[in-house]
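Notes for the one structure printed next.
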Amino acid sequence: MDPGKKNDWLKKKVLVTGGASLIRSSLVDRLIDQGANIRIVDNLSSGKLKNIDGHIKNNRVEFIESDLKNIRVAKKALKGIEMVFHLAADHGGRGYVELNQAGTASNLALDGILFYKAVKAGVKQIAYASSSCVYPNCLQGDSTKKIYLTEELVKPPYDADNMYGWAKLMAELTLKAYAKKFNIGTASCRYFTVYGPKEIENHAIMAMFACAFIKQGPYEIWGGGSQVRNWTFVDDIVEKTILAAKKIKYGSAVNLGAMERIKVSDTAQMAIELAGYSRTIKFLRNMPTGPLNRVADNSLAKRILGWEPKVKFNKGFKLTAEWYFKNKKQAEVEKNLNILLLNR
């Protein structure tokens, strides 16, 4: 069914983990519009309460500020729940993922506790926010090749991206095993470079806007700028996550990503132009850059979900830039930029 039809979710009891950040709060907005009864659990380590504050004040959601790695919290959160959208994670941008291995390792505990308690609570379906970081590093090292990553490329011998990628991979394998053993519906949604309004500066697109907003000179880009990405707008990600929750039941993984191939240096130049200034670009080759060539193949999503991205990059990029330049304060961004780029 179309994820926009309210009958699909009317009165369903839904848990959204980590519901106060960009993708999660956008998912909450969509599910509320479709009539779901929503419980949110978030420890607010990276999410912002203002993203869901209106829903809390208007009693549209039940909000629990707590940590799901606590077994008692997980048990309470899952009581009476039919459907789980598990998006909570210790994560951040490239700088955080590479420099905070112990932090992202905590996702192993978070996911394991939540999945096990979901089975015990009689949850019918889990839709899990996995990541493009599960894909083998060895396939993503040449930016000159036209490569699109397909789901079946994640296989032994595994070669995930840092501890964050390994934790996401372990969660995917757990959900497959649980679907087979316990007859619980599970789906793993592999997110590719999501962006949109409300995102924070440790993610690449927002970092580019931040540097342009303060008119940084020279304008700094991590790496050599030749890295290729497929930036995917948040509304498309949310739509596909809901579709996956409805249609995938056996632990299968599906890519959530656009197929537009865009260089980081070209994206940065667009941010500079939208900010209305001109600067020399300085490449910081000693900073974390991630893989050189990471782009999704979304043909499986088209086939099994009937989905493909609706928001082209030029449109989504401009919408996000307008939001950023309107809502940020230049002095604050300039003062805190170095912290924002590396922290959660």
Response to the item:
Residue hits (the range 100-134; in a loop (DSSP other than H, G, I, E, B) and either β-branched (Val, Ile, Thr) or under 17 Å from Ile40 (Cβ atoms) (or both)) are Val123
Response to the item:
How many residues of the range 65-99 are over 15 Å from Lys13 (Cα atoms), among the β-branched types (Val, Ile, Thr) and either modelled with pLDDT of 95 or more or part of a loop (DSSP other than H, G, I, E, B) (or both)? The answer is 2
Worksheet item: Where in the range 275-344 are the helices (runs of 4 or more DSSP H), entirely inside, with at least 3 residues that are within 18 Å of Gln216 (Cα to Cα)?
Response: 313-327, 330-342
Worksheet item: Condition test on Arg279, is it within 19 Å of Gly225 (Cα to Cα), in contact with a helix residue (DSSP H, G or I) (Cβ under 8 Å, 6 or more places away or on another chain), among the charged types (D, E, K, R) and not assigned by TED's automatic domain parsing to the domain that holds Ala244?
Response: yes
Discussion item. Can you tell me how many residues within the range 144-174 are more than 23 Å from Tyr96 (Cα to Cα), without any contact (Cβ under 8 Å) to a residue 60 or more places away in the chain and outside any loop (DSSP other than H, G, I, E, B)?
Written reply: 3
Worksheet entry | The one condition in (1) surrounded by fewer than 18 Cβ atoms within 10 Å (Cβ to Cβ); (2) more than 11 Å from Gly18 (Cβ to Cβ); (3) touching a residue at least 24 places away in the same chain (Cβ under 8 Å) that Lys69 fails to fulfil | (1)
Discussion item. Quick check on this structure: which one of Lys326, Lys282, Lys249 is more than 20 Å from the chain's Cα centre (by Cα) and modelled with pLDDT under 95?
Written reply: Lys249
Discussion item. Can you find, within the range 252-279, the residue that is surrounded by the fewest Cβ atoms within 10 Å (Cβ to Cβ) among those that are among the hydroxyl-bearing types (Ser, Thr, Tyr) and more than 21 Å from the chain's Cα centre (by Cα)?
Written reply: Ser278
Worksheet entry | Flag for Val119 being closer than 24 Å to Ser21 by Cα, touching a residue at least 60 places away in the same chain (Cβ under 8 Å) and either outside the structural domain of Val28 (by TED's automatic domain parsing) or among the hydrophobic types (A, V, I, L, M, F, W, C) (or both) | no
Worksheet item: Can you name the residue in the range 188-216 that is among the hydrophobic types (A, V, I, L, M, F, W, C) and under 15 Å from the mean Cα position of the chain (by Cα) and, of all such residues, is surrounded by the fewest Cβ atoms within 10 Å (Cβ to Cβ)?
Response: Ile200
Worksheet item: Mind checking which residues of the range 231-274 are of a type outside the set (A, V, I, L, M, F, W, C), closer than 14 Å to Met208 by Cα and assigned to a helix (DSSP H, G or I)?
Response: Ser265, Asp266, Thr267, Gln269, Glu273
Fill in: Within the range 27-67, tally of residues that are at positive phi and under 20 Å from the mean Cα position of the chain (by Cα)
1
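The values are calculated or read from the model by the stated rules, or taken from the named source; none is laboratory data. These numbers were taken from a predicted model, which means no experiment stands behind them. Ideal geometry is used to build each Cβ from the backbone, glycine not excepted, and the neighbour counts take in all protein chains shown.
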